[in-house]
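A short worksheet on the structure shown next.
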Amino acid sequence: MRKVITYGTFDLLHYGHINLLQRAKALGDYLIVALSTDEFNWNEKQKKCYFTYEERKRLLEAIRYVDLVIPEENWEQKVSDVKEYHVDTFVIGDDWEGKFDFLKEYCDVVYLPRTPDISTTQIKADLHKQ
Ligand code: C2G
């Protein structure tokens with residue numbers, strides 16, 4: 001069984017996220033999503049989520065490509081996650097290109113092209129205009 005892992009906030013879930021998850025799952029048989037907790041988002045990414053961790057987890061668990069959702073609580077957990085879950089491939093959008101190359105010692109590292117013209121920031125801005 002080829003296991004894939006990806007990380008993210010996935011707040012205001014949109015088709016850019018779905019495109020990423022679909023391509024991530026296509027790289028193996030089992031996809032783990034390490035979902036940023038509310039605290040990690042606020043303290044480390046200055047992101048104030050619209051949906052709570054539990055709500056975002058529920059949304060992700062309903063997606064056919066996702067097999068397991070675990071919490072992302074810090075920047076340092078990736079190596080231990082890859083080891084603990086016997087991950088073959090780490091994947092993330094290419095806005096992170098090169099940032100996680102240190103994982104190549106433990107698994108394949110794949111940066112996928114982001115879906116253009118969609119982002120949570122844009123959604124919020126558009127809604128604010130209405
Ligand atoms: N994404 C994408 N296309 C978009 C928007 C997002 O492919 N239009 C991808 C991102 O590249 C990422 C995933 O969807 O791989 C989740 O996006 P975010 O929730 O914004 O993730 P981010 O805040 O970048 O968290 O430790 C890594 C971080 O937790 C990544």
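Taking amide H atoms as placed 1.01 Å from N in the peptide plane, list the residues 5 or more away in sequence, or in a different chain, whose amide H sits under 5 Å from that of SER36.
Excluding prolines and chain starts, which carry no amide H, the hits are GLY8, THR9, GLU72.
When ligands, DNA and RNA are left out and all protein chains stay put, how many square angstrom of accessible area per residue does the chain have with a 1.4 Å probe?
Values: 7570 Å² over 130 residues.
That works out to 58 Å² for each residue.
Placing +1 on the Cβ of each Lys and Arg and -1 on the Cβ of each Asp and Glu in the stretch 27-130, which of PHE51, VAL79, LEU68 has its Cα farthest towards the positive end of the resulting dipole?
PHE51
Starting from the Kirkwood radius over alpha-carbon pairs of the chain, derive D by Stokes-Einstein at 37 °C in a medium of 0.692 mPa s and give it in µm² s⁻¹. Each step should come with its number before you reach the end.
Values: Rh = 15.0 Å.
The estimated diffusion coefficient comes to 218 µm²/s.
Where nothing but the Cβ of Lys and Arg (+1) and of Asp and Glu (-1) is charged, how large is the charge dipole of the chain around its Cα centre, in debye to the nearest 20?
On the way: 18 positive and 23 negative charges, 78 e Å.
Once rounded to the nearest 20, the dipole reads 380 debye.
Once phi is turned into θ = phi - 60°, what whole-Hz ³J(HN,Hα) does the Karplus curve with 6.51, -1.76 and 1.60 give for every residue of the stretch 96-103, x standing for Gly and Pro?
Going residue by residue, I get 9, 2, x, 5, 10, 5, 4, 6 Hz, with x marking Gly and Pro.
Using θ = phi - 60° and the Karplus form 6.51 cos²θ - 1.76 cosθ + 1.60, what ³J(HN,Hα) does each residue of the stretch 30-37 get, whole Hz, x for Gly and Pro?
Calculated HN-Hα couplings, in order: 9, 10, 9, 10, 8, 8, 4, 6 Hz.
Pick from TYR30, TYR15, TYR106: which is most flexible by mean-square fluctuation in a GNM of the chain where alpha carbon atoms under 10 Å apart are linked?
Result: TYR15 has the largest fluctuation of those listed.
What value, in deg cm²/dmol to 500, does the helix sum -39500 (n - 2.57) over DSSP H runs of n ≥ 4 give at 222 nm once divided by the residues of the chain?
On the way: 5 runs with 46 residues, N = 130.
Estimated from H runs of four or more residues: -10000 deg cm²/dmol.
How much of the accessible area of the chain, in percent, comes from carbon and sulfur atoms when a 1.4 Å probe is used? Can you show the working numbers first?
Working: 3880 of 7570 Å².
The value for the chain is 51 percent carbon and sulfur by accessible area.
For LEU112, enumerate residues with amide H under 5 Å from its amide H, sequence gap 5+ or separate chain, H modeled in the peptide plane.
Sorted by chain and number, the residues that satisfy this are ILE92, GLY93, ASP94.
The values are calculated or read from the model by the stated rules, or taken from the named source; none is laboratory data. Just so it is clear, the model here is predicted, and its values are computed rather than measured. As a convention, Cβ positions derive from the backbone with ideal geometry for all residues, glycine included, and neighbour counts pool all protein chains shown. Heavy atoms of the whole protein, side chains included, go into the accessibility calculation; ligands, DNA and RNA do not. Shrake-Rupley method; radii C 1.70, N 1.55, O 1.52, S 1.80 Å.
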